[in-house]
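Here is the structure we will look at, set down as C-alpha coordinates.
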Amino acid sequence: MDNGFLDAFRMLARFDPDLVEIILLSIKVSFSAVAVALLLALPFGALLATWPFPGRRALVVLVNALMGLPPVVVGLGLYLLFSHRGALGVLEFLYTPTAMIVAQTVLVFPIAASLSRQVFVDLHAQYDEMLRSLGANKWQILLTVFWEARRSLLTVALAGMGRALSEVGAVMIVGGNIDHVTRVMTTAIALETSKGSLAFAMALGIVLLALSVIVNAAVSFLRTDNGGAVHV
Amino acid sequence: MSEPKIIPLHSLSATDTPDVVLRLSDVTYTRRDEKLLDCVSFDIPSDGMTAILGPNGAGKTLTLRVIAGLIAPDSGRIDMADGLKDNMALVFQTPVLLRRSARANLIHALKIARVPRRLRPRQADELLALADLLDLADRPACALSGGEQQRLSIVRALAREPRVLLLDEPTASLDPRSTAAIERLARRTMRLGTKVIFVTHDWAQAKRLASGVIFLHRGQVTEVTRAPQFFDDPQSRAARCYKLGRLIP
Ligand SMILES: Nc1ncnc2c1ncn2[C@@H]1O[C@H](COP(=O)(O)OP(=O)(O)OP(=O)(O)O)[C@@H](O)[C@H]1O
Ligand SMILES: [Mg+2]
(Lines give C-alpha, C1' and ligand atoms only; values in the text may rest on other atoms or scores of the structure.)
(Ligands and ions follow the chains in the order given, each with its own letter.)
Protein backbone atom coordinates (compact mmCIF):
# COMPACT_ATOMS: atom_id res chain seq x y z
CA MET A 1 0.00 0.00 0.00
CA ASP A 2 2.68 2.49 1.07
CA ASN A 3 4.79 1.41 -1.86
CA GLY A 4 1.88 1.90 -4.24
CA PHE A 5 1.44 5.40 -2.95
CA LEU A 6 5.10 6.22 -3.51
CA ASP A 7 4.98 4.68 -6.97
CA ALA A 8 1.94 6.79 -7.76
CA PHE A 9 3.81 9.97 -6.90
CA ARG A 10 6.82 8.82 -8.89
CA MET A 11 4.64 8.31 -11.95
CA LEU A 12 3.18 11.75 -11.52
CA ALA A 13 6.58 13.30 -10.98
CA ARG A 14 8.05 11.91 -14.18
CA PHE A 15 4.92 12.70 -16.22
CA ASP A 16 4.32 9.12 -17.19
CA PRO A 17 3.19 9.35 -20.84
CA ASP A 18 0.30 6.89 -20.45
CA LEU A 19 -0.89 8.82 -17.45
CA VAL A 20 -0.64 12.16 -19.21
CA GLU A 21 -2.50 10.86 -22.25
CA ILE A 22 -5.39 9.65 -20.12
CA ILE A 23 -5.54 12.88 -18.14
CA LEU A 24 -5.52 15.03 -21.27
CA LEU A 25 -8.23 12.95 -22.93
CA SER A 26 -10.36 13.23 -19.79
CA ILE A 27 -10.04 16.99 -19.76
CA LYS A 28 -10.63 17.24 -23.49
CA VAL A 29 -13.77 15.12 -23.41
CA SER A 30 -15.25 16.77 -20.33
CA PHE A 31 -14.36 20.26 -21.44
CA SER A 32 -15.95 19.72 -24.86
CA ALA A 33 -19.04 18.22 -23.26
CA VAL A 34 -19.44 21.17 -20.90
CA ALA A 35 -18.92 23.63 -23.76
CA VAL A 36 -21.58 21.98 -25.93
CA ALA A 37 -23.94 21.59 -22.97
CA LEU A 38 -23.60 25.27 -22.08
CA LEU A 39 -24.15 26.34 -25.66
CA LEU A 40 -27.48 24.50 -25.62
CA ALA A 41 -28.45 24.94 -21.98
CA LEU A 42 -27.90 28.67 -21.49
CA PRO A 43 -30.34 29.83 -24.18
CA PHE A 44 -32.72 27.11 -23.00
CA GLY A 45 -32.40 28.27 -19.38
CA ALA A 46 -32.93 31.88 -20.45
CA LEU A 47 -36.01 30.86 -22.40
CA LEU A 48 -37.44 28.90 -19.46
CA ALA A 49 -36.81 31.87 -17.21
CA THR A 50 -38.26 34.64 -19.34
CA TRP A 51 -40.73 33.28 -21.85
CA PRO A 52 -44.10 32.12 -20.51
CA PHE A 53 -45.42 29.29 -22.70
CA PRO A 54 -47.90 26.51 -21.93
CA GLY A 55 -46.24 23.56 -20.23
CA ARG A 56 -43.31 25.61 -19.01
CA ARG A 57 -43.73 24.59 -15.38
CA ALA A 58 -43.81 20.92 -16.31
CA LEU A 59 -40.67 21.37 -18.38
CA VAL A 60 -38.91 23.07 -15.47
CA VAL A 61 -39.83 20.20 -13.16
CA LEU A 62 -38.61 17.70 -15.75
CA VAL A 63 -35.27 19.45 -16.25
CA ASN A 64 -34.75 19.69 -12.50
CA ALA A 65 -35.57 16.00 -12.14
CA LEU A 66 -33.06 15.08 -14.85
CA MET A 67 -30.24 16.69 -12.87
CA GLY A 68 -29.81 13.39 -11.07
CA LEU A 69 -29.79 11.26 -14.22
CA PRO A 70 -27.86 8.03 -13.50
CA PRO A 71 -24.81 7.98 -15.81
CA VAL A 72 -25.04 4.26 -16.54
CA VAL A 73 -28.61 4.70 -17.77
CA VAL A 74 -27.50 7.52 -20.07
CA GLY A 75 -24.69 5.26 -21.26
CA LEU A 76 -27.09 2.44 -21.92
CA GLY A 77 -29.53 4.66 -23.79
CA LEU A 78 -26.82 6.10 -26.01
CA TYR A 79 -25.35 2.66 -26.54
CA LEU A 80 -28.66 1.48 -27.95
CA LEU A 81 -28.85 4.60 -30.10
CA PHE A 82 -25.28 4.37 -31.41
CA SER A 83 -24.99 0.58 -31.79
CA HIS A 84 -25.05 -0.88 -35.29
CA ARG A 85 -28.77 -1.51 -35.18
CA GLY A 86 -29.50 1.73 -33.36
CA ALA A 87 -31.19 4.75 -34.90
CA LEU A 88 -27.88 6.62 -35.09
CA GLY A 89 -25.71 3.58 -35.82
CA VAL A 90 -24.59 4.98 -39.17
CA LEU A 91 -22.70 7.73 -37.40
CA GLU A 92 -20.30 5.09 -36.03
CA PHE A 93 -19.87 7.03 -32.81
CA LEU A 94 -19.69 4.00 -30.56
CA TYR A 95 -16.32 3.58 -28.81
CA THR A 96 -15.06 6.99 -29.91
CA PRO A 97 -14.38 10.09 -27.83
CA THR A 98 -17.28 11.74 -29.69
CA ALA A 99 -19.71 9.30 -28.11
CA MET A 100 -18.23 10.10 -24.72
CA ILE A 101 -18.66 13.82 -25.33
CA VAL A 102 -22.29 13.23 -26.30
CA ALA A 103 -22.84 11.16 -23.16
CA GLN A 104 -21.38 13.77 -20.84
CA THR A 105 -23.24 16.53 -22.66
CA VAL A 106 -26.48 14.71 -21.89
CA LEU A 107 -25.47 14.48 -18.25
CA VAL A 108 -24.38 18.11 -17.93
CA PHE A 109 -27.25 19.69 -19.90
CA PRO A 110 -29.96 19.37 -17.20
CA ILE A 111 -27.59 20.75 -14.56
CA ALA A 112 -26.57 23.69 -16.71
CA ALA A 113 -30.15 24.40 -17.82
CA SER A 114 -31.61 24.18 -14.35
CA LEU A 115 -28.92 26.20 -12.57
CA SER A 116 -28.77 28.86 -15.28
CA ARG A 117 -32.56 29.13 -15.32
CA GLN A 118 -32.46 29.99 -11.63
CA VAL A 119 -29.77 32.60 -12.26
CA PHE A 120 -31.80 34.15 -15.08
CA VAL A 121 -35.04 34.09 -13.10
CA ASP A 122 -33.46 36.03 -10.26
CA LEU A 123 -31.70 38.59 -12.44
CA HIS A 124 -34.70 39.03 -14.72
CA ALA A 125 -36.97 39.68 -11.74
CA GLN A 126 -34.45 42.18 -10.48
CA TYR A 127 -33.75 44.06 -13.70
CA ASP A 128 -36.66 43.62 -16.13
CA GLU A 129 -38.81 46.57 -15.05
CA MET A 130 -35.84 48.84 -14.47
CA LEU A 131 -34.47 48.20 -17.96
CA ARG A 132 -37.88 48.55 -19.57
CA SER A 133 -38.40 51.85 -17.77
CA LEU A 134 -35.18 53.09 -19.37
CA GLY A 135 -36.49 52.09 -22.78
CA ALA A 136 -34.63 48.83 -23.30
CA ASN A 137 -36.08 46.34 -25.79
CA LYS A 138 -36.30 42.58 -25.20
CA TRP A 139 -32.97 41.96 -26.86
CA GLN A 140 -31.14 44.57 -24.80
CA ILE A 141 -32.71 43.19 -21.63
CA LEU A 142 -31.55 39.68 -22.52
CA LEU A 143 -28.01 40.84 -23.27
CA THR A 144 -27.82 42.86 -20.07
CA VAL A 145 -29.10 39.98 -17.98
CA PHE A 146 -26.57 37.63 -19.64
CA TRP A 147 -23.75 40.01 -18.91
CA GLU A 148 -24.82 40.55 -15.31
CA ALA A 149 -25.05 36.77 -14.94
CA ARG A 150 -21.54 36.05 -16.20
CA ARG A 151 -20.00 35.18 -12.85
CA SER A 152 -22.90 33.00 -11.79
CA LEU A 153 -22.79 31.28 -15.17
CA LEU A 154 -19.13 30.50 -14.57
CA THR A 155 -20.10 28.63 -11.43
CA VAL A 156 -22.71 26.79 -13.50
CA ALA A 157 -19.97 25.78 -15.94
CA LEU A 158 -17.74 24.60 -13.11
CA ALA A 159 -20.55 22.57 -11.57
CA GLY A 160 -21.04 20.92 -14.96
CA MET A 161 -17.31 20.27 -15.22
CA GLY A 162 -17.33 18.59 -11.83
CA ARG A 163 -20.14 16.29 -12.92
CA ALA A 164 -18.51 15.44 -16.26
CA LEU A 165 -15.01 14.75 -14.93
CA SER A 166 -16.11 12.45 -12.14
CA GLU A 167 -18.68 10.46 -14.07
CA VAL A 168 -17.71 6.88 -15.00
CA GLY A 169 -20.74 4.82 -16.03
CA ALA A 170 -21.69 6.59 -19.25
CA VAL A 171 -18.21 6.92 -20.75
CA MET A 172 -17.43 3.33 -19.81
CA ILE A 173 -20.39 2.03 -21.81
CA VAL A 174 -20.22 4.24 -24.91
CA GLY A 175 -16.43 4.69 -24.88
CA GLY A 176 -15.49 1.14 -24.09
CA ASN A 177 -12.39 2.15 -22.11
CA ILE A 178 -10.09 1.34 -25.05
CA ASP A 179 -6.41 1.96 -24.31
CA HIS A 180 -5.03 5.05 -26.14
CA VAL A 181 -8.47 5.76 -27.65
CA THR A 182 -11.23 6.18 -25.14
CA ARG A 183 -9.61 5.57 -21.79
CA VAL A 184 -10.17 8.42 -19.37
CA MET A 185 -9.31 8.87 -15.71
CA THR A 186 -12.42 7.37 -14.20
CA THR A 187 -12.58 4.31 -16.45
CA ALA A 188 -8.83 3.75 -16.11
CA ILE A 189 -9.09 3.87 -12.32
CA ALA A 190 -11.90 1.31 -12.40
CA LEU A 191 -9.91 -1.01 -14.64
CA GLU A 192 -6.48 -0.67 -13.02
CA THR A 193 -7.95 -1.16 -9.56
CA SER A 194 -9.63 -4.38 -10.62
CA LYS A 195 -6.38 -5.50 -12.24
CA GLY A 196 -4.49 -4.74 -9.05
CA SER A 197 -2.23 -2.01 -10.51
CA LEU A 198 -2.93 0.23 -7.59
CA ALA A 199 -0.09 2.66 -8.20
CA PHE A 200 -1.43 3.70 -11.59
CA ALA A 201 -4.98 3.92 -10.23
CA MET A 202 -3.85 5.98 -7.29
CA ALA A 203 -1.86 8.36 -9.49
CA LEU A 204 -4.97 9.01 -11.53
CA GLY A 205 -7.06 9.19 -8.38
CA ILE A 206 -4.81 11.91 -7.00
CA VAL A 207 -5.12 13.94 -10.21
CA LEU A 208 -8.88 13.47 -10.35
CA LEU A 209 -9.22 14.43 -6.73
CA ALA A 210 -7.07 17.52 -7.24
CA LEU A 211 -9.09 18.58 -10.29
CA SER A 212 -12.43 18.13 -8.56
CA VAL A 213 -11.22 19.93 -5.45
CA ILE A 214 -9.99 22.83 -7.60
CA VAL A 215 -13.26 23.00 -9.54
CA ASN A 216 -15.40 22.92 -6.42
CA ALA A 217 -13.18 25.38 -4.60
CA ALA A 218 -13.53 27.72 -7.55
CA VAL A 219 -17.32 27.33 -7.39
CA SER A 220 -17.54 28.18 -3.72
CA PHE A 221 -15.00 30.97 -4.10
CA LEU A 222 -17.11 32.60 -6.81
CA ARG A 223 -20.27 32.05 -4.76
CA THR A 224 -19.02 33.62 -1.56
CA ASP A 225 -16.98 36.39 -3.13
CA ASN A 226 -19.10 39.51 -3.13
CA GLY A 227 -20.38 39.77 -6.68
CA GLY A 228 -21.27 43.39 -6.04
CA ALA A 229 -17.67 44.40 -5.73
CA VAL A 230 -16.89 43.56 -9.32
CA HIS A 231 -17.24 46.13 -12.02
CA VAL A 232 -15.97 46.88 -15.46
CA MET B 1 -47.41 34.12 -14.53
CA SER B 2 -50.43 34.78 -16.69
CA GLU B 3 -50.22 36.52 -19.99
CA PRO B 4 -50.81 40.23 -19.33
CA LYS B 5 -53.80 41.73 -21.04
CA ILE B 6 -52.78 44.41 -23.43
CA ILE B 7 -54.69 47.60 -22.92
CA PRO B 8 -54.15 49.77 -25.99
CA LEU B 9 -52.69 53.15 -25.26
CA HIS B 10 -54.75 55.82 -26.91
CA SER B 11 -53.45 59.05 -28.23
CA LEU B 12 -54.85 62.18 -26.75
CA SER B 13 -55.84 64.44 -29.58
CA ALA B 14 -54.15 67.76 -29.11
CA THR B 15 -57.21 69.73 -30.10
CA ASP B 16 -59.30 67.92 -27.58
CA THR B 17 -57.28 68.55 -24.46
CA PRO B 18 -54.28 70.76 -25.13
CA ASP B 19 -53.20 71.04 -21.51
CA VAL B 20 -53.53 67.39 -20.53
CA VAL B 21 -50.50 65.18 -20.99
CA LEU B 22 -51.86 61.99 -19.49
CA ARG B 23 -55.30 60.67 -18.66
CA LEU B 24 -56.27 57.57 -16.71
CA SER B 25 -59.89 56.49 -17.02
CA ASP B 26 -61.32 53.82 -14.72
CA VAL B 27 -58.02 51.98 -14.45
CA THR B 28 -58.48 48.83 -12.39
CA TYR B 29 -55.76 46.41 -11.38
CA THR B 30 -56.78 43.25 -9.60
CA ARG B 31 -54.65 40.66 -7.90
CA ARG B 32 -56.14 37.64 -6.15
CA ASP B 33 -59.65 39.14 -6.26
CA GLU B 34 -58.39 42.28 -4.57
CA LYS B 35 -58.78 45.54 -6.43
CA LEU B 36 -55.40 47.12 -5.82
CA LEU B 37 -56.35 49.96 -8.16
CA ASP B 38 -60.06 50.59 -8.26
CA CYS B 39 -61.40 52.73 -11.10
CA VAL B 40 -58.54 55.19 -10.90
CA SER B 41 -59.26 58.22 -13.07
CA PHE B 42 -57.44 61.50 -13.33
CA ASP B 43 -56.02 63.99 -15.78
CA ILE B 44 -52.44 65.14 -15.46
CA PRO B 45 -51.88 68.67 -16.74
CA SER B 46 -48.85 69.22 -18.93
CA ASP B 47 -47.48 72.05 -16.84
CA GLY B 48 -46.02 72.03 -13.34
CA MET B 49 -45.31 69.06 -11.12
CA THR B 50 -47.91 66.64 -9.92
CA ALA B 51 -47.67 64.95 -6.53
CA ILE B 52 -49.28 61.63 -5.80
CA LEU B 53 -49.93 61.33 -2.09
CA GLY B 54 -51.46 58.67 0.09
CA PRO B 55 -50.71 56.25 2.92
CA ASN B 56 -48.58 53.11 2.62
CA GLY B 57 -50.18 50.54 0.39
CA ALA B 58 -52.54 53.04 -1.22
CA GLY B 59 -51.44 52.07 -4.73
CA LYS B 60 -49.09 54.95 -5.55
CA THR B 61 -46.28 52.77 -6.84
CA LEU B 62 -48.74 50.64 -8.80
CA THR B 63 -50.15 53.78 -10.39
CA LEU B 64 -46.69 54.89 -11.51
CA ARG B 65 -45.95 51.41 -12.92
CA VAL B 66 -49.22 51.47 -14.84
CA ILE B 67 -48.41 54.90 -16.24
CA ALA B 68 -44.91 53.79 -17.23
CA GLY B 69 -46.40 50.83 -19.06
CA LEU B 70 -44.59 48.28 -16.88
CA ILE B 71 -47.79 46.54 -15.84
CA ALA B 72 -51.05 46.37 -17.75
CA PRO B 73 -54.27 47.10 -15.86
CA ASP B 74 -57.13 44.61 -16.08
CA SER B 75 -59.49 47.23 -17.36
CA GLY B 76 -59.65 50.92 -18.00
CA ARG B 77 -57.98 53.23 -20.39
CA ILE B 78 -54.79 55.22 -20.50
CA ASP B 79 -54.52 58.12 -22.90
CA MET B 80 -51.37 60.03 -23.42
CA ALA B 81 -49.96 62.70 -25.66
CA ASP B 82 -48.45 61.56 -28.94
CA GLY B 83 -45.08 59.84 -28.68
CA LEU B 84 -45.14 59.86 -24.92
CA LYS B 85 -45.31 56.11 -24.48
CA ASP B 86 -41.67 55.61 -25.36
CA ASN B 87 -40.55 58.75 -23.67
CA MET B 88 -41.05 58.17 -19.99
CA ALA B 89 -38.65 57.22 -17.25
CA LEU B 90 -39.42 55.84 -13.82
CA VAL B 91 -37.18 56.11 -10.79
CA PHE B 92 -38.03 53.26 -8.45
CA GLN B 93 -38.69 53.53 -4.76
CA THR B 94 -35.70 51.29 -4.08
CA PRO B 95 -32.75 51.81 -6.45
CA VAL B 96 -32.06 48.99 -8.89
CA LEU B 97 -28.52 49.22 -10.22
CA LEU B 98 -26.38 47.00 -12.39
CA ARG B 99 -23.32 45.38 -10.80
CA ARG B 100 -20.97 47.83 -12.39
CA SER B 101 -19.42 51.14 -11.51
CA ALA B 102 -21.61 54.20 -11.13
CA ARG B 103 -20.28 55.55 -14.42
CA ALA B 104 -20.84 52.24 -16.23
CA ASN B 105 -24.45 52.24 -15.05
CA LEU B 106 -24.96 55.63 -16.71
CA ILE B 107 -23.12 54.62 -19.87
CA HIS B 108 -25.38 51.58 -20.11
CA ALA B 109 -28.48 53.77 -19.79
CA LEU B 110 -27.11 56.17 -22.42
CA LYS B 111 -26.54 53.22 -24.73
CA ILE B 112 -30.16 52.13 -24.30
CA ALA B 113 -31.17 55.73 -24.98
CA ARG B 114 -29.33 55.42 -28.31
CA VAL B 115 -26.77 58.08 -27.52
CA PRO B 116 -23.84 57.63 -29.93
CA ARG B 117 -20.91 55.82 -28.34
CA ARG B 118 -18.43 58.67 -28.51
CA LEU B 119 -20.80 61.05 -26.69
CA ARG B 120 -21.53 58.65 -23.84
CA PRO B 121 -18.50 59.26 -21.57
CA ARG B 122 -18.99 63.01 -21.55
CA GLN B 123 -22.73 62.80 -20.98
CA ALA B 124 -22.18 60.25 -18.23
CA ASP B 125 -19.84 62.68 -16.51
CA GLU B 126 -22.39 65.46 -16.85
CA LEU B 127 -25.01 63.28 -15.22
CA LEU B 128 -22.57 62.27 -12.48
CA ALA B 129 -21.90 65.93 -11.83
CA LEU B 130 -25.64 66.61 -11.61
CA ALA B 131 -25.89 63.94 -8.93
CA ASP B 132 -22.73 65.21 -7.23
CA LEU B 133 -21.18 61.77 -7.71
CA LEU B 134 -18.13 62.54 -9.85
CA ASP B 135 -15.77 61.54 -7.04
CA LEU B 136 -17.45 58.15 -6.74
CA ALA B 137 -17.78 57.50 -10.47
CA ASP B 138 -15.64 54.38 -10.49
CA ARG B 139 -17.03 52.81 -7.34
CA PRO B 140 -19.20 49.75 -7.83
CA ALA B 141 -22.75 51.09 -7.78
CA CYS B 142 -23.75 48.50 -5.18
CA ALA B 143 -21.07 49.83 -2.86
CA LEU B 144 -22.58 53.33 -2.82
CA SER B 145 -24.66 54.44 0.14
CA GLY B 146 -28.45 54.28 -0.10
CA GLY B 147 -28.75 58.00 -0.79
CA GLU B 148 -25.95 57.94 -3.37
CA GLN B 149 -27.63 55.01 -5.12
CA GLN B 150 -30.87 56.96 -5.14
CA ARG B 151 -29.19 60.01 -6.68
CA LEU B 152 -27.51 57.81 -9.26
CA SER B 153 -30.79 56.21 -10.30
CA ILE B 154 -32.43 59.61 -10.63
CA VAL B 155 -29.82 60.95 -13.04
CA ARG B 156 -29.82 57.61 -14.86
CA ALA B 157 -33.50 58.20 -15.62
CA LEU B 158 -32.52 61.51 -17.21
CA ALA B 159 -30.25 59.70 -19.69
CA ARG B 160 -33.08 59.34 -22.20
CA GLU B 161 -34.22 62.93 -21.68
CA PRO B 162 -37.76 61.81 -20.86
CA ARG B 163 -40.79 63.97 -21.51
CA VAL B 164 -42.40 62.52 -18.42
CA LEU B 165 -40.32 61.70 -15.36
CA LEU B 166 -41.91 59.52 -12.70
CA LEU B 167 -40.26 59.66 -9.30
CA ASP B 168 -41.28 57.19 -6.60
CA GLU B 169 -40.30 58.69 -3.24
CA PRO B 170 -37.08 60.06 -4.70
CA THR B 171 -35.83 61.63 -1.49
CA ALA B 172 -37.03 59.07 1.04
CA SER B 173 -33.48 58.08 1.95
CA LEU B 174 -31.70 61.36 1.34
CA ASP B 175 -30.22 63.86 3.78
CA PRO B 176 -31.45 67.48 3.72
CA ARG B 177 -28.67 68.64 1.41
CA SER B 178 -29.24 65.87 -1.13
CA THR B 179 -32.99 66.37 -0.84
CA ALA B 180 -32.55 70.04 -1.71
CA ALA B 181 -30.28 69.05 -4.61
CA ILE B 182 -32.86 66.59 -5.96
CA GLU B 183 -35.61 69.16 -5.63
CA ARG B 184 -33.48 71.64 -7.58
CA LEU B 185 -32.86 68.95 -10.17
CA ALA B 186 -36.57 68.21 -10.41
CA ARG B 187 -37.39 71.90 -10.89
CA ARG B 188 -34.69 72.26 -13.50
CA THR B 189 -35.95 69.18 -15.35
CA MET B 190 -39.44 70.62 -15.27
CA ARG B 191 -38.27 73.97 -16.63
CA LEU B 192 -36.57 72.15 -19.49
CA GLY B 193 -40.00 70.90 -20.51
CA THR B 194 -40.31 67.56 -18.73
CA LYS B 195 -43.46 66.71 -16.86
CA VAL B 196 -42.54 65.51 -13.37
CA ILE B 197 -44.88 63.25 -11.45
CA PHE B 198 -43.67 62.28 -8.00
CA VAL B 199 -44.76 60.26 -5.01
CA THR B 200 -43.78 61.45 -1.58
CA HIS B 201 -44.71 61.12 2.07
CA ASP B 202 -43.05 64.46 2.76
CA TRP B 203 -45.94 66.88 3.04
CA ALA B 204 -43.70 69.94 3.04
CA GLN B 205 -41.90 68.72 -0.06
CA ALA B 206 -45.15 68.20 -1.90
CA LYS B 207 -46.13 71.72 -0.91
CA ARG B 208 -42.81 73.11 -2.15
CA LEU B 209 -42.86 71.39 -5.51
CA ALA B 210 -46.32 70.40 -6.65
CA SER B 211 -48.83 72.46 -8.53
CA GLY B 212 -51.38 69.66 -8.48
CA VAL B 213 -52.10 66.82 -6.09
CA ILE B 214 -53.68 63.42 -6.51
CA PHE B 215 -54.63 61.66 -3.29
CA LEU B 216 -54.94 57.88 -3.28
CA HIS B 217 -56.41 55.70 -0.59
CA ARG B 218 -56.93 51.93 -0.81
CA GLY B 219 -56.58 51.94 -4.55
CA GLN B 220 -59.07 54.73 -5.07
CA VAL B 221 -58.58 58.37 -5.96
CA THR B 222 -60.17 60.42 -3.21
CA GLU B 223 -59.25 63.78 -4.61
CA VAL B 224 -57.57 65.59 -7.48
CA THR B 225 -56.93 69.20 -6.61
CA ARG B 226 -54.75 72.20 -7.37
CA ALA B 227 -51.97 72.34 -4.81
CA PRO B 228 -52.81 75.59 -2.95
CA GLN B 229 -56.31 74.42 -2.29
CA PHE B 230 -55.21 70.94 -1.27
CA PHE B 231 -52.61 72.06 1.23
CA ASP B 232 -54.91 74.74 2.58
CA ASP B 233 -57.89 72.50 3.06
CA PRO B 234 -58.01 68.95 1.72
CA GLN B 235 -61.47 68.07 0.53
CA SER B 236 -61.52 64.33 1.17
CA ARG B 237 -61.70 62.90 4.65
CA ALA B 238 -58.87 60.49 3.81
CA ALA B 239 -56.51 63.34 2.97
CA ARG B 240 -57.51 65.31 6.05
CA CYS B 241 -56.79 62.35 8.32
CA TYR B 242 -53.51 61.62 6.54
CA LYS B 243 -52.41 65.22 7.02
CA LEU B 244 -53.10 65.06 10.74
CA GLY B 245 -51.36 61.71 11.07
CA ARG B 246 -54.60 59.98 12.00
CA LEU B 247 -55.84 56.57 11.03
CA ILE B 248 -57.92 56.90 7.89
CA PRO B 249 -61.34 55.33 8.49
N1 LIG C 1 -47.58 41.99 -7.33
C2 LIG C 1 -48.45 42.21 -6.32
N3 LIG C 1 -49.21 41.19 -5.87
C4 LIG C 1 -50.06 41.38 -4.86
N5 LIG C 1 -50.24 42.56 -4.23
C6 LIG C 1 -49.51 43.60 -4.63
C7 LIG C 1 -48.58 43.49 -5.69
N8 LIG C 1 -47.97 44.69 -5.87
C9 LIG C 1 -48.52 45.50 -4.95
N10 LIG C 1 -49.45 44.87 -4.20
C11 LIG C 1 -50.29 45.46 -3.14
O12 LIG C 1 -50.91 46.61 -3.67
C13 LIG C 1 -51.02 47.60 -2.68
C14 LIG C 1 -50.49 48.90 -3.23
O15 LIG C 1 -49.10 48.77 -3.41
P16 LIG C 1 -48.17 50.01 -3.78
O17 LIG C 1 -46.79 49.48 -3.87
O18 LIG C 1 -48.70 50.70 -4.95
O19 LIG C 1 -48.32 50.92 -2.48
P20 LIG C 1 -47.74 52.39 -2.27
O21 LIG C 1 -48.89 53.33 -2.28
O22 LIG C 1 -46.64 52.67 -3.20
O23 LIG C 1 -47.21 52.28 -0.77
P24 LIG C 1 -45.84 52.83 -0.11
O25 LIG C 1 -46.13 54.21 0.37
O26 LIG C 1 -45.65 51.90 1.05
O27 LIG C 1 -44.77 52.74 -1.11
C28 LIG C 1 -50.30 47.10 -1.46
O29 LIG C 1 -51.24 46.67 -0.52
C30 LIG C 1 -49.47 45.93 -1.98
O31 LIG C 1 -49.37 44.94 -1.00
MG1 LIG D 1 -44.64 52.79 -3.10
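The values are calculated or read from the model by the stated rules, or taken from the named source; none is laboratory data. Because the structure is a prediction, the values reported are computed rather than measured. Because the Cβ atoms are built from the backbone with ideal geometry, glycine has one as well, and the counts that use them run over all protein chains shown. Quick note on the areas: whole protein, heavy atoms, side chains included, nothing else; ligands and nucleic acids left out. Shrake-Rupley method; radii C 1.70, N 1.55, O 1.52, S 1.80 Å.
What strands (runs of 3 or more DSSP E) lie completely within region B:35-137 and have 3 or more residues being hydrophobic (A, V, I, L, M, F, W, C)?
It comes to B:49-53, B:88-91.
Please work out which one of (1) within 11 Å of ligand 2 (Cβ to nearest atom); (2) closer than 17 Å to B:V20 by Cα is the condition B:D79 fails and give its number.
It is condition (1) that B:D79 fails.
Report yes if B:A186 is away from chain A (no Cβ under 14 Å), outside any loop (DSSP other than H, G, I, E, B) and more than 24 Å from B:I67 (Cβ to Cβ), otherwise no.
no
Filter region A:147-186 for residues that are over 12 Å from A:Q104 (Cβ atoms) and among the basic types (K, R); which is surrounded by the fewest Cβ atoms within 10 Å (Cβ to Cβ)?
Within region A:147-186, the match that is surrounded by the fewest Cβ atoms within 10 Å (Cβ to Cβ) is A:R150.
Counting just the residues of region B:152-183 that are among the basic types (K, R) and in a helix (DSSP H, G or I), which one comes out surrounded by the most Cβ atoms within 10 Å (Cβ to Cβ)?
B:R156
Which of the numbered conditions does A:A58 fail, given that it passes all the others? Conditions: (1) within 30 Å of A:L143 (Cα to Cα); (2) open to solvent by less than 90 Å² (accessible area, probe 1.4 Å); (3) in contact (Cβ under 8 Å) with a residue 40 or more places away in the chain.
That leaves (3) as the condition not met.
Any chance region A:131-146 includes a residue that's closer than 30 Å to A:D18 by Cα, open to solvent by less than 50 Å² (accessible area, probe 1.4 Å) and either within 14 Å of chain B (Cβ to nearest Cβ) or assigned to a helix (DSSP H, G or I) (or both)?
no
What number goes with the only condition from (1) at pLDDT 90 or above; (2) away from ligand 1 (no atom under 16 Å from the Cβ); (3) buried (at least 18 other Cβ atoms within 10 Å of the Cβ) that B:T200 does not pass?
(2)
Looking at B:I112 and the list (1) among the β-branched types (V, I, T); (2) touching a strand residue (DSSP E or B) at 6+ places or on another chain (Cβ under 9 Å); (3) facing chain A (nearest Cβ under 9 Å), which single condition is not satisfied?
(2)
Filter region B:108-128 down to the residues that are without any contact (Cβ under 8 Å) to a residue 24 or more places away in the chain and buried (at least 22 other Cβ atoms within 10 Å of the Cβ), then identify the one that is nearest to B:V196 (Cα to Cα).
Among those residues, the one meeting the criterion is B:A124.
What number of residues in region B:51-76 are within 16 Å of ligand 2 (Cβ to nearest atom) and hydroxyl-bearing (S, T, Y)?
2
Restricting attention to region B:138-151, which residues are assigned to a helix (DSSP H, G or I) and at the interface with chain A (Cβ under 8 Å from one of its Cβ atoms)?
Hits for region B:138-151 are B:A141, B:C142, B:A143.
A:L38 fails exactly one of the following numbered conditions: (1) more than 17 Å from A:T187 (Cβ to Cβ); (2) open to solvent by 50 Å² or more (accessible area, probe 1.4 Å); (3) at pLDDT 90 or above. What is the number of that condition?
(2)
Mind telling me which of the residues B:A68, B:A89 ends up being within 14 Å of chain A (Cβ to nearest Cβ), open to solvent by 10 Å² or more (accessible area, probe 1.4 Å), more than 8 Å from ligand 1 (Cβ to nearest atom) and within 14 Å of the chain's Cα centre (by Cα)?
Only one candidate passes the filter, namely B:A68.
Considering only helices (runs of 4 or more DSSP H) fully contained in region A:1-65, which possess at least 2 residues that are over 26 Å from A:V171 (Cα atoms) and in contact with an Asp or Glu (Cβ under 9 Å, 6 or more places away or on another chain)?
Where helices (runs of 4 or more DSSP H) fall fully within region A:1-65 and carry at least 2 residues being over 26 Å from A:V171 (Cα atoms) and in contact with an Asp or Glu (Cβ under 9 Å, 6 or more places away or on another chain), they are A:17-50.
How about region B:71-86: which of its residues are open to solvent by less than 30 Å² (accessible area, probe 1.4 Å) and among the polar types (S, T, N, Q)?
Within region B:71-86, none qualify.
Consider only pairs whose beta carbons are under 7 Å apart and that are at least six residues apart or on different chains; among these, list those whose first residue lies in region B:78-98 and is under 14 Å from B:A109 (Cα atoms) and whose second residue is more than 14 Å from ligand 2 (Cβ to nearest atom) and among the acidic types (D, E).
From region B:78-98, the pairs are B:L98/A:E148.
If I ask for residues that are aromatic (F, W, Y) and away from every other protein chain (no Cβ under 14 Å), which ones from region A:12-70 would you list?
Across region A:12-70, the qualifying residues are A:F15, A:F31, A:F44.
Looking at region B:129-151 only, could you name the residues that are surrounded by fewer than 21 Cβ atoms within 10 Å (Cβ to Cβ) and farther than 16 Å from B:L174 by Cβ?
B:A129, B:L134, B:D135, B:A137, B:D138, B:R139, B:C142, B:A143
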